[in-house]
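Enquirer: Please see the structure below; I have some questions.
Each value in this text was obtained by applying a stated rule to the coordinates, not by laboratory testing. The structure presented is a predicted model; accordingly, all values stated were derived computationally and were not measured. Because the Cβ atoms are built from the backbone with ideal geometry, glycine has one as well, and the counts that use them run over all protein chains shown.
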Amino acid sequence: MRAARLSASRIRESSRLGLIALTLAGLMALSPAALANAAPERPAACGWNDDTDEHPYYEHCATDTNVWIQVTRFPRGNYHRCVGPGRTNLDADATGAWYDSNYQGGLCSHPGDTGP
C-alpha cells in the first residue's frame, strides 16, 4: 500500500515538473517581438507628463469633471487652463502642470478655456 502511495505521489510530482518544463519551453520559443506585443500597455500617469518622445501633456484621470490646471512655461509666463477627462496636450515649452483647486473653485465648464 505504501509503495502505491509513493508511486502516485511521484507521478503527480513528475506531472507538475513536466507542465513547468512545457510552460518554460513555450515562453522561450516566443520571439522578443511577440513578447513585446503580449505585454500590456502601461497606463498613463495622472497629472503632468513630460515624455521626451512626445509633447508635454496633462492626464486628467477623473471621468466626470473638468478642472483648472496651472501650467508653467519657460521662458513665457504661467497660465490656467480648463481640462476635461483624458489627455490634454500642452505647449511645447511647458515645464509643469498641476490641478489648482484654489483657482475659481477648481472646477470649470469648457475644456480649452484659459485664464491668467
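Enquirer: Simple spin-label model, 7 Å along Cα-to-Cβ: S101 to D113 in nm?
Expert: For S101 paired with D113, the spin-label model returns 2.1 nm.
Enquirer: Using a Förster distance of 35 angstrom, determine the FRET efficiency expected from the C-beta separation of R76 and D53, and round it to 0.05. Kindly include the intermediate steps, with their values, before the conclusion.
Expert: Values: r = 23 Å, r/R0 = 0.66.
In this case the efficiency is close to 0.95.
Enquirer: Placing +1 at every Lys and Arg Cβ and -1 at every Asp and Glu Cβ, with all other atoms neutral, what dipole size does the range 47-115 have around its Cα centre, in debye to the nearest 20?
Expert: It comes to approximately 260 debye.
Enquirer: Right, another one. If you take the charge dipole of the range 47-115 about its Cα centre, with +1 on Lys and Arg Cβ and -1 on Asp and Glu Cβ, which of N102, Y57, C82 is farthest toward its positive end?
Expert: Result: N102.
Enquirer: With Cβ to Cβ distances under 14 Å as the rule, what net charge do the other residues near D100 carry (K, R +1; D, E -1)?
Expert: Value of the local net charge: 0.
Enquirer: Quick one: which residues, 5+ away or cross-chain, put their amide H under 5 Å from the amide H of C108? H built at 1.01 Å from N.
Expert: Those qualifying (amide H under 5 Å, at least 5 residues apart or on another chain) are N66, V67, W68.
Enquirer: Using the Karplus equation 6.51 cos²θ - 1.76 cosθ + 1.60 (θ = phi - 60°), what ³J(HN,Hα) coupling, rounded to whole Hz, does each residue of the range 102-116 give in order, writing x for Gly and Pro?
Expert: 7, 8, 6, x, x, 9, 9, 9, 10, x, x, 4, 10, x, x
Enquirer: Something else: Using the Cα gyration tensor of the range 47-115, with a ≥ b ≥ c the square roots of its eigenvalues, what is the shape: rounded (a/c below 1.5), prolate (a/b larger than b/c) or oblate (neither)?
Expert: It comes out oblate by the Cα gyration axes.
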